[in-house]
Every structure is written in structure tokens, then in C-alpha cells.
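Report on the structure given below.
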Amino acid sequence: MPTTGVHLGLSTLFIRKQLLSEEQIASAITASRKNQTSLVSSIIQQQLISAKTIAELCYEEYGTPLLDLNEFDISAIPDEFLNKKLIEKHKCLPLFKRGNRLYIATSDPTNIAALEDFQFSAGLHAEAILVEDDKLTKALETVLEEDITGLDLSAIDEEALAGIEVTDTDKRDEETGNGKDDAPIVIYINKILTDAIRKGASDLHFEPYEKRYRIRFRIDGILKEVSEPPVNLSGRISARLKVMSKLDIAERRVPQDGRIKMKMSRTKSIDFRVSTLPTIWGEKIVMRILDSSSAQLGIEKLGYEDDQRLMYEEMLSKPQGMILVTGPTGSGKTVSLYTGLNILNTEERNISTVEDPVEINLEGVNQVHINLKAGLTFASALRSFLRQDPDVVMVGEIRDLETAEIAIKAAQTGHLVLSTLHTNSAAETLTRLINMGVAGYNIASSVNLIIAQRLSRRLCPACKTPEIIPDNELLKLGFSQQQLDEGITPHKPVGCEHCSGGYKGRVGIYEVMKMSDEIARTIMEGGNSLQILKQAKSQGMRDLRDSGLLKVIQGVTSIAEINRVTSF
């Protein structure tokens, strides 16, 4: 792991240059120790100072040579200098040797201990080269990444698989995964999984049909076909995936659920949630990639507008009450909740969650996976939590009146409760609780905040281009006359080598509704979702459409994307 030692010279420099206050430095130090990162990384993650600014400041102050790591060929580093234990410990990277000197890339030139360790290990005099921390992090991930098979995954493709002959014996072996040609299948599956991770896919679909077999990745919310292996290998592929998921490979008549843990490097592993479904042409298998690092992004990176983020943070600081997050499957609800839990996850708090299933592992949080066969439901787990001296409780989903009533009781008796519902908007969440049978006065007195959200694809900054749209059309799309007067330049996707169809990554679009006296009164008077929405908007709330159009004005996404994920 990167060193968590704090270098006082760097802290003093930031304070002396009036870039950070002593309180901000103290907060960054605490975060670095908690997250096992360097002080520089902690400062950058909190968006206190940019990586480029820190590098330029250190260059001016210490005179350490400055290098753009993007221009350096990482693959040219001699293996003899890649002491991965020291690289992980100090978050530094040996680059090259000249004479009897070994040059070390670092974002913190005051880290003398790192230079001494590399000097002792290599038997050479170590000298620092200053690089930007974010670029260093990417380089370290490349260097530390270890292929799980130790083989060249690019060596196996569809053509190689097409050369495998399937005999009657092989067809019987498909049921046990003991075919004589399994090695290419193993390598091929490993290649598919690692490709999915590198491309940022959220789901993988393995789909058998009568005359073809296709594999699709869901990237930025859109499914794309990536491979078409021979259809006669359908059984072998599903058998291999079921073996990896510890499922019953002989059972092909009923759906099964499993999990795969894939080690990507010494410091990072990725979990896959696996679901099988019998179809008329074989078993369809869908895998969801569960990356715990998504909960470590920080609330400022999720796409909340400043006022929305402040409302969320304000309600997270409350000792009791309920925060509800709503939206369709795949809209990022779990990441929003876990980002909040990560903020709350301190030594002073007892946090428990019950989920179906547990998707993100978070150290310091007591996580429970429901088991319906054993009678462990959301409601029964929630009852048990309340006997375990909780401060914060997270319920994966409120599905019924029993769970809703227990959660509300917890919120009213000194606990902070976080949960999700499946509704289309914040206002509809309140009426959904009423329709479940929850009394209006209980909702008004317990719910603090409701967040409705969607995920929209980000425009690629390298290739996006302005889109000319007449003002009358912009008005029809939902933009206000005031926004038009201030100037709007929508952008549209183009597509380049850096992106997928003009988009790269996703950003959240939010509707954040704070419970007010007026909204509470509307609920208790039996108001419907339209009346609640009208009251909330009169108090300044932006609905999903308004928040999406704001992202268009900011150049983050396109009008086509907002039309896809929101209604008007």
C-alpha cells in the first residue's frame, strides 16, 4: 500500500503559500491515514488543489526536475528495478538508470524515506523526478497489474476457438467442464472478463441462440456486441463460467446465482455477480461487475450540483431521520448510498446494512445479505439491527409495508436510515409510501431527503462539437428564456479513438427534494405526487429534466442523451 506517512515539509508549504488552511491539512491527513493513501493523493481526491498545481509548486520550491509521465514509455522500464513491494508502499515508480543513479518518479519530493528504500534495494543512488499525482496513479496501475493466468490473453480469439472440434464425447463433457480442449476456453473467458474491466463495462451478457452465440458488454448504459464465438462452444462457455462462480454445472433447468472474485493486481480485485437463466437454446449468463472502488469516488465526482450536494451532506450530518434514493435499476442508487456511507463511516459510528445482494464491500460497515430461504428478510434483519445499538442503518430496498414501518420507526427513534425505492421521481416516492399503507404523519416526521436520479453518458471532451439549434426549439425542449438570454451552446457527440460513439463515462442527474413544512402539510392533507412536485418546485427544487438541461448548458452531455434518460 502507499505510504501513509505525512511529510511536514509539504504540509507547511501549502499553508505558507496560503493554498490550504490548517484545518484542511488536518482533514487531508486524517483521510490519507484512513484510506491508506499519500497526503498528495488525499488533497487531490478532496479537490483542494489540482495535481498539476501541486507538481508546479513543488518544482518551483524544491527545484526537482518535472516530467510529463504521459510522454514516458512505461513498458521500457527495466524489470530489475520494478520492486513491486516498494512501489506499492511508497507510491513511487523507478523510471530509468543513468550511470550509478536511479531516477524515481514521485508526486512528493519530500518523501526521503522512499528514495532511501529504493537506493538500498537497487544499490544505486536514487534521485527524485517530479510527476503529477493522477498520471503517476495511472502508471502505477499499469505496472502493478498482473494477469490472472500469467498468459497472453490476446493470443486467443474467435478464430482460435473455431479450430476446436466438438465430438459426442465432448458434448457429454460440457456438463462437467472436463473437455480435452478446455485450456483455450479458459484463456478466452479470462480475456473477455479482463477486457470488460478495462473497457469500463458494467454488465456482460453471454447469449446462446439457434445459429449463433454472442457476447455483449453494457458500456455507459448501452449494450454493444464484442464477440461471437462458435455456437457449438455454448455449453463449454457456460460450464466454465459456472465453475468459476461455484454453481452446479450439472443443473441447467433452473436459474442460479453466484459470484466470482477476480484478482487484477496485488492491491485490487473485482467481484462479478453471476446470474444464469435457462433459455430454449441453452443458458444465458449475465454478469454484473461490482467494483468497490466506486464508493471511494467522493460525492463531488458523482455529478451533484453544488446546492444538491450541500443538501445531501447536510442531511447525512443529521443524527436521525430517513434519506431515500429512487430510480430504475442501473441508475447508480447503490453508489450514491455508499458514497454517503463512506462519509459517515468513522470510528464513532456503528453502521449496519442489509442488501439483496451486497454489491460493494466497505470496511468498517456491518453488511448483511438477505436469505429468504432461511427467513432472513429486510424486515427481520432491520429488527435485529435495532437491537445492536446502531447509529446508521441502510436498507437495500423498501419493498413492503412491514419494512417501511420498521425503517420509519428507526428514523423516529434516533437513527439515521438510508434506503431505496423504485419510483420515477422524488414526489412519487412519498405517494408510493402512502399507497403502501404508511401514515402521512409518519412520512412527514421521518423523511428528511429524497433523491431521484438517472445516469447520462458524458460527451467525450476530445471530440464533442457545438450543435446549432434554433431558440424556439430550445424553448420546446425545456430551456427557459432566461437561459437563452444568457447564452446556450449545446454540444453533440462525434466519435474518436478516445471514446465510444462520442461518449466517455457517465454522470449522475439528480432531483433532490428536502422535506419542508409546506411539503409535509401537503402530504398530511392527502396531496398527490403532482401537488407535492408543484410545491417542491415553488421552493426552488430542480426536477430531473431541469438538472439534465443544466448538464447540457455545462457541456457535459447532449440533448439527445437527456431526452433518452428523462421525460418532458
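Between VAL143, VAL166, VAL243, VAL226, which is hydrophobic (A, V, I, L, M, F, W, C), surrounded by fewer than 19 Cβ atoms within 10 Å (Cβ to Cβ), at pLDDT below 85 and not in a loop (DSSP other than H, G, I, E, B)?
Exactly one residue qualifies, and that residue is VAL143.
Among the residues of segment 437-457, write down those that are among the hydrophobic types (A, V, I, L, M, F, W, C) and surrounded by fewer than 17 Cβ atoms within 10 Å (Cβ to Cβ).
Within segment 437-457, just ALA439 meets the criteria.
Out of segment 231-259, which residues are in contact (Cβ under 8 Å) with a residue 60 or more places away in the chain, among the aliphatic types (A, V, I, L, M) and more than 12 Å from PHE206 (Cβ to Cβ)?
Within segment 231-259, VAL243, ILE249, ALA250 qualify.
If you take the residues of segment 34-63 that are closer than 18 Å to GLY298 by Cβ and not in a helix (DSSP H, G or I), which of them is modelled with the lowest pLDDT?
Out of the qualifying residues, it is GLN36.
Has segment 471-486 got at least one residue that is touching a residue at least 40 places away in the same chain (Cβ under 8 Å) and touching a Gly at 6+ places or on another chain (Cβ under 7 Å)?
Taking every residue of segment 471-486 in turn, none turns out to be touching a residue at least 40 places away in the same chain (Cβ under 8 Å) and touching a Gly at 6+ places or on another chain (Cβ under 7 Å).
What residue, among those in segment 415-436 that are open to solvent by less than 40 Å² (accessible area, probe 1.4 Å) and more than 25 Å from the chain's Cα centre (by Cα), is nearest to GLN308 (Cα to Cα)?
In this case the residue turns out to be ALA427.
Got a sec? Which strands (runs of 3 or more DSSP E) wholly within segment 292-370 have at least 1 residues that are in contact with an Asp or Glu (Cβ under 7 Å, 6 or more places away or on another chain) and more than 24 Å from VAL447 (Cα to Cα)?
Once the strands (runs of 3 or more DSSP E) in segment 292-370 are filtered for at least 1 residues that are in contact with an Asp or Glu (Cβ under 7 Å, 6 or more places away or on another chain) and more than 24 Å from VAL447 (Cα to Cα), what remains is 366-369.
For segment 386-399, name all the residues that are out of contact with any His (no Cβ under 9 Å at 6 or more places or on another chain) and closer than 19 Å to ILE450 by Cβ.
Answer for segment 386-399, where residues must be out of contact with any His (no Cβ under 9 Å at 6 or more places or on another chain) and closer than 19 Å to ILE450 by Cβ: MET394, VAL395, GLY396, ILE398.
Going through THR137, THR110 one at a time, which residue ends up being assigned to a loop (DSSP other than H, G, I, E, B) and either basic (Lys, Arg) or at negative phi (or both)?
On inspection, the qualifying residue turns out to be THR110.
What's the total number of residues in segment 301-327 that are modelled with pLDDT under 90 and open to solvent by less than 60 Å² (accessible area, probe 1.4 Å)?
Residues that pass the stated criteria total 2.
Out of all the residues in segment 29-52, which are over 21 Å from the mean Cα position of the chain (by Cα) and of a type in the set (Lys, Arg)?
Scanning segment 29-52 gives ARG33, LYS52.
Within segment 458-497, count every residue that is in a strand (DSSP E or B) and either open to solvent by 60 Å² or more (accessible area, probe 1.4 Å) or within 30 Å of LEU430 (Cβ to Cβ) (or both).
3
Taking the residues in segment 206-223 that are part of a loop (DSSP other than H, G, I, E, B) and free of Cβ contacts under 8 Å to residues at least 60 places away in the same chain as candidates, determine which candidate is farthest from ILE189 (Cα to Cα).
LYS211
Among the candidates LYS34, LYS52, which residue alone is free of Cβ contacts under 8 Å to residues at least 12 places away in the same chain and open to solvent by 80 Å² or more (accessible area, probe 1.4 Å)?
Exactly one of LYS34, LYS52 is free of Cβ contacts under 8 Å to residues at least 12 places away in the same chain and open to solvent by 80 Å² or more (accessible area, probe 1.4 Å), namely LYS34.
Need at least 3 residues that are farther than 24 Å from ILE323 by Cβ per element, so show me which helices (runs of 4 or more DSSP H) inside segment 498-568 make the cut, counting only ones lying wholly within it.
544-553, 559-565
So which residues in segment 9-26 are part of a helix (DSSP H, G or I), free of Cβ contacts under 8 Å to residues at least 60 places away in the same chain and buried (at least 16 other Cβ atoms within 10 Å of the Cβ)?
If the condition is that a residue be part of a helix (DSSP H, G or I), free of Cβ contacts under 8 Å to residues at least 60 places away in the same chain and buried (at least 16 other Cβ atoms within 10 Å of the Cβ), then SER11, LEU13, PHE14, GLN24, ILE25 are the ones that fit.
Just give me the residues in segment 348-387 being open to solvent by 70 Å² or more (accessible area, probe 1.4 Å) and closer than 21 Å to LYS409 by Cα, in sequence order.
ARG349, ASN366, ARG383, ARG387
May I ask you to list the residues in segment 347-361 that are farther than 10 Å from MET394 by Cβ, within 19 Å of the chain's Cα centre (by Cα) and of a type outside the set (Asp, Glu)?
If the condition is that a residue be farther than 10 Å from MET394 by Cβ, within 19 Å of the chain's Cα centre (by Cα) and of a type outside the set (Asp, Glu), then PRO357, VAL358, ILE360, ASN361 are the ones that fit.
Tell me which of these SER336 doesn't satisfy, since it passes every other one: (1) closer than 27 Å to SER275 by Cβ; (2) of a type in the set (S, T, N, Q); (3) open to solvent by 20 Å² or more (accessible area, probe 1.4 Å).
(3)
The values are calculated or read from the model by the stated rules, or taken from the named source; none is laboratory data. Not measured: the values here are computed from a predicted model. Here the Cβ is made from the backbone with ideal geometry for all residues, glycine too, and neighbour counts use every protein chain on show. Keep in mind that these areas ignore ligands, DNA and RNA; they rest on the heavy atoms of the full protein, side chains included. Shrake-Rupley method; radii C 1.70, N 1.55, O 1.52, S 1.80 Å.
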